[in-house]
1. Look through the range 42-89, keep the residues that are among the polar types (S, T, N, Q) and open to solvent by less than 20 Å² (accessible area, probe 1.4 Å), and return whichever of them is farthest from Phe218 (Cα to Cα).
2. Here is a list of conditions, (1) over 18 Å from the mean Cα position of the chain (by Cα); (2) within 23 Å of Ile127 (Cβ to Cβ); (3) modelled with pLDDT of 95 or more; (4) hydrophobic (A, V, I, L, M, F, W, C), and Ile190 meets all of them except one; can you say which number that is?
3. Report every pair of residues separated by at least 6 positions or lying on different chains whose Cβ atoms are under 9 Å apart, first residue within the range 105-122 and acidic (Asp, Glu), second at pLDDT 95 or above.
4. For the range 126-146, what are the residues that are aliphatic (A, V, I, L, M) and either touching a helix residue (DSSP H, G or I) at 6+ places or on another chain (Cβ under 9 Å) or open to solvent by 20 Å² or more (accessible area, probe 1.4 Å) (or both)?
5. Could you tell me which residue of the range 9-20 is farthest from the ligand (Cβ to nearest atom), considering only residues that are under 13 Å from the mean Cα position of the chain (by Cα) and farther than 20 Å from Ser133 by Cβ?
6. Can you pull out every residue in the range 180-216 that is within 26 Å of Arg28 (Cβ to Cβ), open to solvent by 20 Å² or more (accessible area, probe 1.4 Å), of a type outside the set (A, V, I, L, M, F, W, C) and outside any helix (DSSP H, G or I)?
7. Just give me the residues in the range 90-125 being buried (at least 16 other Cβ atoms within 10 Å of the Cβ) and at positive phi, in sequence order.
Amino acid sequence: MAEALENLHVAIIMDGNGRWAKKRALPRVVGHKAGGKALKKIITHAAKNHLKVLSIYAFSAENWLRPKEEVAFLMQLLDEYIIDEWASITENNIKFLVSGNISLIPEKTRDALIKLMEETKNNTGLILNMALSYSGQDEILDCVKKISTFVLNNEISIENITKETIVDNLYNKELPEVDLLIRTSGEKRISNFMLWRISYAELYFTDVLWPDFDENEFDNAIKEYKKRVRRFGKTDEQLKS
Ligand code: FPP
């Protein structure tokens, strides 16, 4: 598997924690806790198999609208997650990145996130991009505002704006295009995730609820991805020549 993964950017919409808990007549937050455990397994598996980039949708900008007890629980879970996984992330040579508006994340957790990014910035293994307080539309909006400022300051002319200019001004410009987007729980939506970078991503939907998504499920998604023919707008004949 290792060789097959080292150039890939896999993004995951980890959906179904609430339904997983409901099926067991448990509170939703128990589902999130189980989701956190599934996440740990998938990160370890991805790092061990030399995946290049793993982007995970941990908390969307829209998730702030959930009941305040659930939001508080998720923030607490995030805080514990960073503390618990710190050693594993650094020891496994993982480079940790965050995409999103982290100014809204509680200060103590935000400081920890920034410190972890700083401490792992020279790591050369898996790039783990955690989307937190993230909105794909806001990412593009922020990018437009940055480029507009460059134009106003005469640092770039409108004619010289290219796709590269846009990529350079997205969150974490080093992130490549997404190759495979996985969404669990049977929902077939993009939900505002990584809008610019999923332009040619292969989409993989599974009915498995996120807390039940394990290494085997991840490998199944990769196997399916490997069967897809990525034409990027070209014909089959062009790809063969
Ligand atoms: C979607 O399930 C999941 C989330 C909104 C949060 C994802 C969080 C985790 C996987 C836990 C790890 C979290 C952190 C912060 C490290 P849902 O609640 O929308 O499920 P439902 O659609 O079945 O209700």
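1. Just the residues of the range 42-89 that are among the polar types (S, T, N, Q), to begin with: 44, 49, 55, 60, 63, 76, 88.
From what's left, open to solvent by less than 20 Å² (accessible area, probe 1.4 Å): 55, 60.
Working: Ser55: 14, Ser60: 22 Å.
Ranking the candidates gives Ser60 first.
2. Result: Ile190 fails condition (1) only.
3. Short answer, once both residue conditions are applied: Glu119/Trp86; Glu119/Ile89; Glu119/Thr90; Glu119/Phe96.
4. Residues satisfying the conditions are Leu126, Ile127, Leu128, Met130, Leu132, Ile140, Leu141, Val144.
5. The residue in question is His9.
6. Those that are within 26 Å of Arg28 (Cβ to Cβ), open to solvent by 20 Å² or more (accessible area, probe 1.4 Å), of a type outside the set (A, V, I, L, M, F, W, C) and outside any helix (DSSP H, G or I): Gly186, Glu187, Lys188, Arg189, Ser191, Asn192, Tyr204, Asp207, Asp214.
7. Gly100
Per-residue answers, yes or no, for (1) more than 11 Å from the ligand (Cβ to nearest atom); (2) touching a Phe, Trp or Tyr at 6+ places or on another chain (Cβ under 7 Å); (3) modelled with pLDDT of 95 or more:
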residue	(1), (2), (3)
Lys22	no, no, yes
Leu26	yes, no, yes
Val29	no, yes, yes
Lys33	no, no, yes
Leu39	no, no, yes
Ile43	no, no, yes
Leu54	yes, no, yes
Ala61	yes, yes, yes
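The values are calculated or read from the model by the stated rules, or taken from the named source; none is laboratory data. This structure is a prediction, so every number in the text was calculated from the model and none was measured. Note that each Cβ is placed from the backbone with ideal geometry, even for glycine, and that neighbours are counted across all protein chains shown. For accessibility, only protein heavy atoms count, side chains too; no ligands or nucleic acids. Shrake-Rupley method; radii C 1.70, N 1.55, O 1.52, S 1.80 Å.
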